[in-house]
Amino acid sequence: KQLGFKYRPSIIWNKQVNKINGAFGTWLSAAAPFLAAPIELVLIFYKDSWSRTKEAGTSTITKEEFLDYARGVWSITGVHTGKHPAAFPEELPARCIKLFSFVEDVILDPFAGSGTTLVAARRLGRANIGVEISPEFCQLTVERVQTVWPMTASN
C-alpha cells in the first residue's frame with residue numbers, strides 16, 4: 001500500500017495433485033504427515049488505474065480464453081523438472097500474459113528462475129526482461145529462452 005499498489009482478487013491455481021505425487025509420510029501414523037498443497041495463489045496488484053483502453057495495444061486472447069481465465073480458478077497440472085525447486089508449467093504465465101497484457105507490452109519477471117515466464121512471453125510475441133541472482137538458474141534461463149528465440153549479437 002505504501003508503494004501505491006492496489007490489490008485485485010487472486011487467481012487460484014489448482015495444481016491437480018494426484019495420490020502419487022501429493023502424499024508423503026505414512027498412513028499408519030498421525031505423527032507427522034506431510035499435507036500436499038494442491039493450490040497456489042496468483043496475487044494481482046496494480047498501480048494507478050486498473051482499466052486500460054483498447055487503443056493501448058493488440059490483444060491475443062480469444063473470447064473463449066477470456067471467459068475461461070476470468071473465472072479465477074485455473075486447473076493446470078503442476079510440473080517437477082528437477083532443475084528448479086519452484087517450477088511451474090508454461091501455461092500458467094501464458095494465461096496471465098494473455099489476460100493482462102498487450103503484444104506491445106514488456107513482461108518483467110524479477111525472479112526468472114528457470115525462465116518459464118520468459119519463454120511464455122516470447123512465444124506470445126511479448127518483449128521481456130528477466131532478473132535472476134543465481135548464476136546456475138541464469139544459465140538455465142538463457143538455454144531455455146534460446147530454444148524459443150535464438151539470441152544473436154544484435155538481440
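Determine the shape class of region 56-155: with a ≥ b ≥ c the square roots of the Cα gyration tensor eigenvalues, call it rounded for a/c under 1.5, and otherwise prolate if a/b is greater than b/c, oblate otherwise. Provide the component values of the computation, followed by the final result.
Numbers: a/c = 2.31, a/b = 1.30, b/c = 1.78.
Oblate.
Here the 3J(HN,Hα) profile of region 112-119, calculated from phi with Karplus coefficients 6.51, -1.76 and 1.60 at θ = phi - 60°, is 4, x, 9, x, 4, 5, 5, 5 Hz, Gly and Pro shown as x.
The aspartates and glutamates within cross-link reach of K6, meaning a Cα-to-Cα straight distance under 18 Å and a gap of 8 or more places when in the same chain, are D48. In a fully extended conformation the segment linking I133 and R71 would gain 18.9 nm over its present Cα-Cα distance, using 0.36 nm per residue.
Rounded, prolate or oblate: pick one for region 32-104, where a ≥ b ≥ c are the square roots of the eigenvalues of its C-alpha gyration tensor, a/c under 1.5 means rounded, and failing that, prolate if a/b is larger than b/c, else oblate.
Since a/c reaches 1.5 and a/b is larger than b/c, the shape of region 32-104 is classed as prolate.
Every number in this text was worked out from the coordinates using simple rules, so none of it is lab data. Only a predicted model underlies this, so the values are computations on that prediction, with no experimental measurement involved.
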